[in-house]
Amino acid sequence: MSYRRAPADQSRLRPPVNRFISTLALVLLLAACQTTASAPTPSPRPSSHNTVATAVIQPGEVPASLTRCPGSGPIAGYLTALQSSDATLAASVTGQWQQLQAKGAKAAAIMLYAYNATACTAELATTSSAKSLASFVVEFGDEGQAERAWGAGVLGFPTPAPGQVAPGILRGSGTGLGDSSWTYTNTQVRLACWRRSVFVSLVILSNLDPGAYKAVTAAIDARLN
């Protein structure tokens, strides 16, 4: 499902996954621009935040038809598991995580759920036919870092520019997830990426109903303190 990066290693992804991810990425790239939005002044860090493991989607919030994919959990464990199943994809995601770390990311967790094991091997467990859910939450050192990272894009998904119009894309408070948010929907995929406090969250649901999407995003958003 990609409207994402296009480095050399992308061409070596399995063709069916590559086509689906690339199509989505292209749509989003067309709505993005190179201008840099100003980030808010970092606010004082609250006394405590939820951990990324607490903020990410929890088992009881996942549709009953989906099964947890191997490697789900802290980002380090996910990358290790991915290395065993798809070294090329592991290298790509590792590079994306390192980019987030360079922007101030301190910790991240990723949870993948899919209807079958085959979908679990796809990028972000996302395919054109299988039901799946991906939840990624990353914590930054302060709100300014989180805002800048959100504005630059997460895991290869660039943030659409303010005022840009494209089918299925919505940015800002109209998403229901705050000013620093954007969503993308079509008949197969529902995606949301938003910044709340020191967190940036990315959620992707494939071939699931709108009710599941609303429930998942609301549950995660409530924990991004």
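Derivation of every value follows stated rules applied to the coordinates shown; laboratory data play no part. Being a predicted model, the structure only gives us computed values, none of them experimental. Every residue, glycine as well, gets a Cβ built from its backbone with ideal geometry; the counts of neighbours run over all protein chains shown.
Computing FRET efficiency as 1/(1 + (r/R0)^6) for Ala91 and Ser48, where r is the C-beta to C-beta distance and R0 is 30 Å, gives about 0.30. Add +1 for every Lys or Arg and -1 for every Asp or Glu among the other residues with Cβ under 14 Å from the Cβ of Thr185, and state the total. Overall, the nearby charge balance is +2.
For the stretch 113-170, just say rounded, prolate or oblate: build the C-alpha gyration tensor, square-root its eigenvalues into a ≥ b ≥ c, call rounded for a/c under 1.5, and beyond that prolate if a/b exceeds b/c, oblate if not. Taking the square roots of the gyration eigenvalues as a ≥ b ≥ c, the stretch 113-170 is oblate. Just report the Cα centroid separation between the stretch 147-225 and the stretch 41-113, whole Å. Taking the Cα centre of each part, the stretch 147-225 and the stretch 41-113 sit 16 Å apart. In terms of surrounding Cβ atoms within a 10 Å radius of their Cβ, Trp97, Trp150 rank from fewest to most as Trp97, Trp150.
With K and R counted +1 and D and E -1, the other residues having a Cβ less than 13 Å from that of Gly151 yield a net charge of +1.
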